[in-house]
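Q: Here it is: the structure, laid out below.
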Amino acid sequence: MKKLALVLMTLLLAGIFGQITAQKEFQFPDSVKYRKNVIRWNLTPMLLWSNKNVNISYERVLKPYRSFSVNAGYFELPSLTKGLLDSLNIQRSQKKWGLSVSGDYRFYFHKRNRRMAPDGLYWGVYGSYHHYQFQNDIVVLNSPEIEGVLNFGAKLNIFSGGVELGYQFIIRERLSIDLVFMGPSLSVYSTNMTLGGDIDYDKESEYLQAIYDILSSTIPGFNQLVKDQTVSSSGANFSMGFGLRYLIQIGYRF
């Protein structure tokens, strides 16, 4: 296993060195007129989670086959749905917001691509951060022990880093369609949950587990956010796991 890891690391470093060395052999045809910038709209968070998500990306070409990009915007996950217990109903969240920030460094394949960056097949390294928090009112129904409204809140944080493989189409020199179709990563998750109200321990455990079940079925990957698939009425939990990055972006080159 160690020998295999050493071989893979050697090949990776050799690829990076080859890409960097190759940059010295090429120059922009016209450094003044060559369009080195792309501004893009990331459609992925809107398509996957909420139409309120607005995420903007900017890419800058550094050398003929290298570039970097940054991505930032508003991030929101789906609202909680009706509770899984007959005695529990979770109302629509009114207090929620989030943000996402990411960046990558791209190496375009000069032997594979007919044109220079930002057009063609590329690989790169990237890092990202997502934060989301919300509060929900929980109405307790059909319970002789508890009446009224409880308050449930949570804060989620995800730090990720990895490598990616993608392709950017430049159409008529201006229109950009950027696709990241493979991006394995290592992610660090943290979550903090609170449940307010005067309730006894047994009922609290029951309601919290119902809330967890709703979160797990509503938010992709949420079961990785809480250690051992359990929740607590307060405090923070941390865990690590593997993730995958995929993006669909459209933009304008200038």
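Readers should treat all values here as calculations from the given coordinates under stated rules, not as data from a laboratory. Remember, predicted model here, so these are calculated numbers, not experimental data. Ideal geometry is used to build each Cβ from the backbone, glycine not excepted, and the neighbour counts take in all protein chains shown.
Q: Having 3 or more residues that are within 17 Å of Thr44 (Cα to Cα) is the bar; report the strands (runs of 3 or more DSSP E) wholly within the stretch 145-197 that clear it.
A: Where strands (runs of 3 or more DSSP E) fall fully within the stretch 145-197 and carry at least 3 residues being within 17 Å of Thr44 (Cα to Cα), they are 149-171, 175-182.
Q: Name every residue in the stretch 41-74 that is part of a loop (DSSP other than H, G, I, E, B) and either under 14 Å from Ile250 (Cβ atoms) or of a type in the set (Phe, Trp, Tyr) (or both), in order of residue number.
A: The answer is Leu43, Trp49, Val54, Tyr65.
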